[in-house]
Amino acid sequence: GGSMKRRAGEREKELKKKKLLEELGENRLPYLTPADADFHQLWKTKYSKLIFRKSDAVPEDLHQMVQESFLALREHNCFFQDLVRIKGKDFLTPVSRILIGNPGCTYKYLNTRLFTVPWPAENYDIKYCSPQIHDACKALMRLNDYLHIETVKALQGQNLFENKEIKDTSVIDRKQSFATSLTEQGSVSKDQSSVCVSEDDRSLKSRTSYNLTLLNYMDPLQMLYLKQEPYFGMGSMAVSWHHDENLVDRSAVAVYSYSCEDSSVQESNEQELKGRDPAVWHVGLKVAWDIETPGLAVPLHQGDIYLMLDDLNMTHQHCVLAGLSPRFSSTHRVADSSRGTLEYIFGQCELALQNLQTDSDSMALSLKSLEAAVVKQVEEIHNEVEFEWLRQFWFQGKRYLKCTDWWLKPMAKLEEFWRKLEIMTSLVLSEVRKEQQIEEQRNETINCFLLLLKERQKLRKEWTAR
């Protein structure tokens, strides 16, 4: 049911996109950069949940630690292009990535599950392949803590100042954050009754406690071809328009950007240059499925930070526009870990194995129940272990071993569980062949069992082909 709904949603989005581009024809929508007079007014009214911090607002020692960690990870070849699946076809991402975060946490996007290289969390014994990788993970954990605090402050700032009269922000000094005043004001709430209610602390914590960061690296000059931005004519894209997926509802996203600029890549000061400077990296934003509101292209320089607060990731889409220099980014997220942690999948396995019993004398294995609902639950867990975990992990080869062997033990444990689940499948088969069951119950069990076996067969063929 879930996957059918998802497919219908994707089809609807595709049709919307097609219609938008048809309506546009050759006419591109307008977009604004900081050089445009109405830029700050547009930001204040349509993009106020995007908060920007210039690099000089961030502690210098943090910059140094984080930037060194990017370079160390690149030196150790820890960035990988992901093979993602879009509309049944596999594509290599132009951007190379690595996921770092809470031990046992995973993040899934475009049908690919990434497994965190664990940062050095307390009470975990994590062996890294080199001291530099350990230091890099530690630095990114420190950046994560810093961004969490900044995000809480920004959200509280938006709530605290919602009732204040909005000052004129059309003139903002270039050296200030574009959104300093926006941080202080926030957006005006449509429902004024909610203004005086302080945000529940638990909700604030759950929406800002980043549990992982997806690191990105790309050198645009090494890329033979980059897609052109289709709606506004913003130029070459490193990452197409999207919403970040698999996140806790209304959770924030925080991004630290580091473009390796040198003297040959200078921002153009020529006023006659229309639109964004193609030499400089930008983040592009637009209101989702809206052809009235102009887009934004915000330049990203070494050490700049931006925050996407509250529901901005749902109501708007963003893209990354390539400059000329290589760029790293650390994108901190509150990944929805309800089905994406080791703790969760081990719990599911334990639940399934409750239906397996061992005879104390003969040590023969048998099933406690053949009820359709029980069989269905066990076989669904079986599929989840195989296709969402084991195959996803081993499909990506031994990439994680470049950083740490931490995942090998839990994967071995999951394989043990999977072997027992295979035994349980064969026990169902031998039981339903027996005649002594009530026919109606037997048919119900067989029907739901066969559906899940067919699904398993189909997925095994797909994975083998990949």
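Shown for segment 342-465: the carbon plus sulfur share of the solvent-accessible area, taken with all protein chains present and a 1.4 angstrom probe, equals 54%.
Of interest is the spacing of the C-alpha centroids, which for segment 414-466 and segment 56-103 amounts to 40 Å.
Just the number, please: Stokes-Einstein D of segment 246-401 in µm²/s, Kirkwood Rh from C-alpha pairs, 4 °C, 1.567 mPa s.
Numbers: Rh = 20.5 Å.
Translational D for this selection: 63 µm²/s.
Give, as a single signed number, the net charge of other residues whose beta carbon lies under 11 Å from the beta carbon of residue 115, with Lys and Arg counted +1 and Asp and Glu -1.
Values: positive: 108, 113, 399; negative: none.
Once all neighbours under 11 Å are counted, the net charge is +3.
Take the cross-link list 87/413; 205/458; 44/205; 89/153; 46/89; 54/87 and give me the ones stretching past 31 Å between alpha-carbons. It would help to have the intermediate numbers written out before the result.
On the way: 87/413 33 Å; 205/458 41 Å; 44/205 26 Å; 89/153 42 Å; 46/89 35 Å; 54/87 38 Å.
In this structure, 87/413; 205/458; 89/153; 46/89; 54/87 lie more than 31 Å apart at Cα.
Scattering from segment 342-465 was approximated by placing one identical point on each alpha carbon and applying the Debye formula without solvent; log10 I(q)/I(0) at 0.13 1/Å stands at -0.59. Backbone geometry of segment 38-52 corresponds, through the Karplus equation with coefficients 6.51, -1.76 and 1.60 at θ = phi - 60°, to 3J(HN,Hα) couplings of 8, 4, 5, 5, 5, 4, 4, 8, 10, 10, 5, 8, 9, 10, 10 Hz, x marking Gly and Pro. Label separation (residue 108 vs residue 455): 1.1 nm, computed from points 7 Å beyond Cα along the C-beta direction.
The values are calculated or read from the model by the stated rules, or taken from the named source; none is laboratory data. Note that the structure is a prediction, hence the values are computed from the model and not measured. All Cβ positions, glycine included, derive from the backbone under ideal geometry; neighbour counts span all protein chains shown. Ligands, DNA and RNA are excluded from the accessible area calculation, which covers all protein heavy atoms including side chains. Shrake-Rupley method; radii C 1.70, N 1.55, O 1.52, S 1.80 Å.
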